[in-house]
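I have placed the structure first, in the form of structure tokens, so that the comments after it can refer back to it.
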Amino acid sequence: MNDFIRKWETTRKLGKQKYTVRYGVLYIGMTATVLLSIVDWLSNGTLSVVYLGSRLFILPMIGAIIASMRWDNKEKKYAQLTDVSSVKT
């Protein structure tokens, strides 16, 4: 079986909402927030509460949008790879 199909079948059991929260909000959004905050702190010697608050709000939302789009693309790819009617005999 295709490696993508096997992995996606496991991942898609989470559902779109949990996938979006886990991979978009937590992994992408919060990682970007932490990394940009570290860069801000190292370059300015201080951490701006206003910028931190903005990052905590905006970057997880962007991450959720990205994860949602990735979910949709992976679902399309999964549907194409598992479509029995498209297999030529």
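Largest GNM mean-square fluctuation among Ala64, Ala32, Ala79, using the chain with Cα springs under 10 Å: Ala79.
Computed over the stretch 18-79, relative contact order equals 54 percent, with contacts defined as Cα pairs under 8 Å that lie 6+ residues apart. Think of each Lys and Arg Cβ as +1 and each Asp and Glu Cβ as -1; about the Cα centre, that makes the dipole of the stretch 18-79 roughly 320 debye.
Calculated [222 nm] ellipticity per residue, helices only, for the chain: -22500 deg cm²/dmol; basis is -39500 (n - 2.57) per DSSP H run with n ≥ 4, divided by all residues, nearest 500.
As I understand it, the dipole of the chain uses +1 on the Cβ of Lys and Arg and -1 on the Cβ of Asp and Glu, about the Cα centre. Which of Leu14, Leu52, Ser37 lies farthest toward its positive end? So the residue furthest toward the plus end is Leu14. Model label points for Trp41 and Arg12, set 7 angstrom from Cα along the Cα-to-Cβ axis, are 4.1 nm apart. When the Gaussian network model of the chain links Cα atoms closer than 10 Å, the mean-square fluctuations of Thr46, Thr33, Thr20 top out at Thr46. A cut-off under 12 angstrom between Cβ atoms defines the neighbours of Glu9, and their net charge, with Lys, Arg +1 and Asp, Glu -1, is +3. Ordered by the number of other Cβ atoms lying within 10 Å of each residue's own Cβ, fewest first, Arg6, Arg22, Arg55 fall into the sequence Arg6, Arg22, Arg55.
FYI, it's all coordinate maths here, none of it is from the lab. Remember, it's a predicted structure, so these values are computed and weren't measured experimentally. So basically every Cβ, Gly included, is an ideal-geometry build from the backbone, and we count neighbours across all protein chains shown.
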